[in-house]
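Written out below as structure tokens is the structure these notes cover.
The values are calculated or read from the model by the stated rules, or taken from the named source; none is laboratory data. All values reported here derive from a predicted model rather than from experimental measurement. When we count neighbours, we look across all protein chains shown, and the Cβ atoms used for this are built from the backbone with ideal geometry, even at glycine.
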Amino acid sequence: MNNWINVLLSNTICAENKILEGSINSLSSIWLSSGNYSFLLSPMDQFEIKPFFGHLLGLNYTPIGLISNLLIYIGLVVSLIIVYYRYSSIKENIKVSDWSFSTEVIYFTIFNMVLGQLGILLGLFFFVFIFVLFIYILFSNLMGLIPYNFATTAHLASTLSMSSSIWFGVSILGLELHALRFFSLFSPEGTPLPLVPLLAIIELISYIAKGLSLGIRLGANLISGHLLMIILAGFSFGSLVYPEWWVKIPGGSISLSLITGILGLELAIAGIQSYVFSILTSSYIKDSVSLH
């Protein structure tokens, strides 16, 4: 009797497990085939903006459906910055430590750069804006280096939005301060009168290109670095799984060495591009305020 009950229970459990496994597989296939899954299944997914969980919940045409992975990771970057500076400002960490030292180095580096570009009065006025801009881009760049993560600053939709907003703001600032004199930027002093129309068109195109180049420069540098690491990682994996040792050992060693070197280069680029974006923004503000 006991044996019969045990057999019945085991058969029932096996049937339930098969039903549950089939349900999970069907849900997974629907979710993955939809192309709207939230997590990265490939390193190349970091270059694709998609709904985060709107499709999964059936809320595509609601405000929740508009929440994309780009928006989620921007929120994560901002939260990480807040946690970093909140932790660095705790009384126990105010003493000389790695946390306090790093925050002070970043602060004084950007402070000296802004004052050098804009002067004391104008620099103090715009320092907070430039500092927040630098910190956001720096943390976004570093967060994008984590494998299978999402790089917000590797998307032209994000970088061009920042650069075009800065360009519009700087233009409005110049018009507010100088009115029609602002257009003297497009006609350098001492230009012969016959050449004024031609130079005005060239200067106007150059001025508009500033807003585009600021974002394209940042996005292009990060995209190229990430793609290079993805290519080398694929080559390294292919070499390590190759059956022949004469391909596996040298191929894997060379590709892993290159990945390590490029990762160090990408860490440097993350900081350099943040600094370049900030210093160019300061330069554009100076041009609009002082008209040169």
Check your understanding: Within the range 245-263, is there a residue that is out of contact with any Leu (no Cβ under 7 Å at 6 or more places or on another chain) and of a type in the set (Lys, Arg)?
Key -> no
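Suppose the filter is assigned to a helix (DSSP H, G or I), over 21 Å from LEU214 (Cα atoms), without any contact (Cβ under 8 Å) to a residue 60 or more places away in the chain and not polar (S, T, N, Q); does GLY75 pass it? Steps first, answer last, please.
Details: assigned to a helix (DSSP H, G or I): yes; over 21 Å from LEU214 (Cα atoms): yes; without any contact (Cβ under 8 Å) to a residue 60 or more places away in the chain: yes; not polar (S, T, N, Q): yes.
So GLY75 fits the description; yes.
Could you check, for the range 46-69, whether at least one of its residues is assigned to a helix (DSSP H, G or I), within 26 Å of the chain's Cα centre (by Cα), under 30 Å from LEU173 (Cβ atoms) and modelled with pLDDT of 75 or more?
Within the range 46-69 (the criterion being assigned to a helix (DSSP H, G or I), within 26 Å of the chain's Cα centre (by Cα), under 30 Å from LEU173 (Cβ atoms) and modelled with pLDDT of 75 or more), the answer is no, since none of the residues qualifies.
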Check your understanding: Are any residues in the range 237-262 farther than 16 Å from HIS226 by Cα, in a helix (DSSP H, G or I) and of a type in the set (Val, Ile, Thr), and if so, which ones?
Key -> VAL247, ILE249, ILE254
Practice item. Go through PHE125, PHE129, PHE108 for me and flag whichever is over 17 Å from the mean Cα position of the chain (by Cα), modelled with pLDDT of 85 or more and exposed (fewer than 11 other Cβ atoms within 10 Å of the Cβ). Key: PHE108
Revision key, fill the gap. Sole miss for LEU280 among (1) surrounded by 13 or more Cβ atoms within 10 Å (Cβ to Cβ); (2) not in a helix (DSSP H, G or I) is condition (2)
Review point. Among LEU180, LEU80, which is assigned to a helix (DSSP H, G or I), of a type outside the set (Lys, Arg) and more than 18 Å from ALA270 (Cα to Cα)?
Key: LEU180
